[in-house]
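Engineer: For reference, the structure I am asking about is given below.
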Amino acid sequence: TRLQGDWSSDVCSSDLAPLLSTPETLGGLASVGPLATSLRRMSDWLRDPSRTTALVVAIPEAWAVAEAIELWRELRDRVRVPLARPIANAVFPRRFAPADRERLLSARDAGTVDDDLLAAGLYFAERREDEREHLRELRRGTGETPLELPFVFDPEVRLDRLDPVADALAEVLP
């Protein structure tokens with residue numbers, strides 16, 4: 001599935017998210033007249049799930065997950081915009097089962113595997129385990145299971161290699 005159709009999006013960083021509540025805040029200052037009407041319309045537009053869906057995206061790192069949880073809560077509680085499931089971007093695939101990590105450690109102790117291959121395998125296994133913990137934290141912090149987008153292991157970004165990413169995003173977009 002590819003994302004198709006006539007759609008557009010705006011990007012808002014976590015630093016700018018409080019500005020989304022500006023129509024409501026200013027609405028308290030202008031309760032009548034054309035400005036009040038425009039502010040109410042803007043506020044309604046932001047809360048209409050057929051027009052607005054906020055996507056909170058984080059890489060599976062501690063600092064990024066903490067910021068994503070803070071943004072998620074701000075958008076949900078203060079701004080009150082419709083939210084899609086959180087998105088975890090650039091997630092390493094699971095290449096090793098927990099028992100495989102133990103085999104790698106045994107191979108290291110026995111000296112039976114090339115050091116570079118062993119280092120790469122251990123890095124992959126440890127990184128994935130760290131990411132799993134960060135994804136659990138994102139799930140606990142938002143109450144939603146994050147959509148995992150795969151890490152793309154290509155030196156250059158090519159549209160034809162992004163189909164798995166587009167397929168996954170199609171699951172959460174209205």
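The values are calculated or read from the model by the stated rules, or taken from the named source; none is laboratory data. Worth saying up front: this structure is predicted, and the values here are computed from it rather than measured. Using ideal geometry, Cβ is built from the backbone for each residue, glycine included, and neighbour counts are taken over all protein chains shown. In case anyone asks, the SASA skips ligands and DNA or RNA and just uses the protein heavy atoms, side chains included. Shrake-Rupley method; radii C 1.70, N 1.55, O 1.52, S 1.80 Å.
Engineer: Counting just the residues of the stretch 117-150 that are at pLDDT 90 or above and not in a helix (DSSP H, G or I), which one comes out surrounded by the most Cβ atoms within 10 Å (Cβ to Cβ)?
Structural biologist: Pro146
Engineer: Return only the number of the condition from (1) modelled with pLDDT under 95; (2) within 23 Å of Leu138 (Cβ to Cβ) that Ser106 does not satisfy.
Structural biologist: Only one criterion is unmet by Ser106, namely (2).
Engineer: Considering only the stretch 151-164, state which residues are within 23 Å of Ala62 (Cβ to Cβ) and either assigned to a helix (DSSP H, G or I) or in contact with a Phe, Trp or Tyr (Cβ under 7 Å, 6 or more places away or on another chain) (or both).
Structural biologist: Of everything in the stretch 151-164, just one residue is within 23 Å of Ala62 (Cβ to Cβ) and either assigned to a helix (DSSP H, G or I) or in contact with a Phe, Trp or Tyr (Cβ under 7 Å, 6 or more places away or on another chain) (or both), namely Phe151.
Engineer: Of the conditions (1) over 30 Å from Ala168 (Cβ atoms); (2) open to solvent by 80 Å² or more (accessible area, probe 1.4 Å); (3) hydroxyl-bearing (Ser, Thr, Tyr), Ser106 satisfies every one except a single condition; which number is it?
Structural biologist: Failing condition for Ser106: (2).
Engineer: Before we move on, is Pro34 exposed (fewer than 10 other Cβ atoms within 10 Å of the Cβ) and either at pLDDT 75 or above or part of a helix (DSSP H, G or I) (or both)?
Structural biologist: On the way: exposed (fewer than 10 other Cβ atoms within 10 Å of the Cβ): yes; either at pLDDT 75 or above or part of a helix (DSSP H, G or I) (or both): yes.
Criteria met by Pro34.
Okay, residues lined up against (1) among the polar types (S, T, N, Q); (2) modelled with pLDDT of 60 or more; (3) open to solvent by less than 80 Å² (accessible area, probe 1.4 Å):
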{"position": "Arg2", "(1), (2), (3)": "no, no, no"}
{"position": "Ser8", "(1), (2), (3)": "yes, no, no"}
{"position": "Cys12", "(1), (2), (3)": "no, no, yes"}
{"position": "Leu19", "(1), (2), (3)": "no, no, no"}
{"position": "Leu39", "(1), (2), (3)": "no, yes, yes"}
{"position": "Ala54", "(1), (2), (3)": "no, yes, yes"}
{"position": "Ala58", "(1), (2), (3)": "no, yes, yes"}
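Engineer: Can you list residue pairs whose Cβ atoms sit under 7 Å apart, with the first residue in the stretch 33-45 being under 20 Å from Pro82 (Cα atoms) and touching a residue at least 12 places away in the same chain (Cβ under 8 Å) and the second being part of a helix (DSSP H, G or I) and open to solvent by 60 Å² or more (accessible area, probe 1.4 Å)? Count only pairs 6 or more apart in sequence or on different chains.
Structural biologist: These pairs meet every condition: Leu39/Leu26; Ser43/Glu24.
Engineer: If you don't mind, there's one more thing I want to ask. Just name the residue that is nearest to Glu129 (Cα to Cα) out of those in the stretch 62-80 that are at pLDDT 90 or above and open to solvent by 70 Å² or more (accessible area, probe 1.4 Å).
Structural biologist: Among residues in the stretch 62-80 that are at pLDDT 90 or above and open to solvent by 70 Å² or more (accessible area, probe 1.4 Å), the one nearest to Glu129 (Cα to Cα) is Trp63.
Engineer: Just checking, how many residues over the stretch 88-116 are outside any strand (DSSP E or B) and closer than 15 Å to Phe153 by Cβ?
Structural biologist: Narrowing the stretch 88-116 to residues outside any strand (DSSP E or B): 92-116.
From the residues that got through so far, the ones that are closer than 15 Å to Phe153 by Cβ too are 92-95.
Qualifying residue count for the region: 4.
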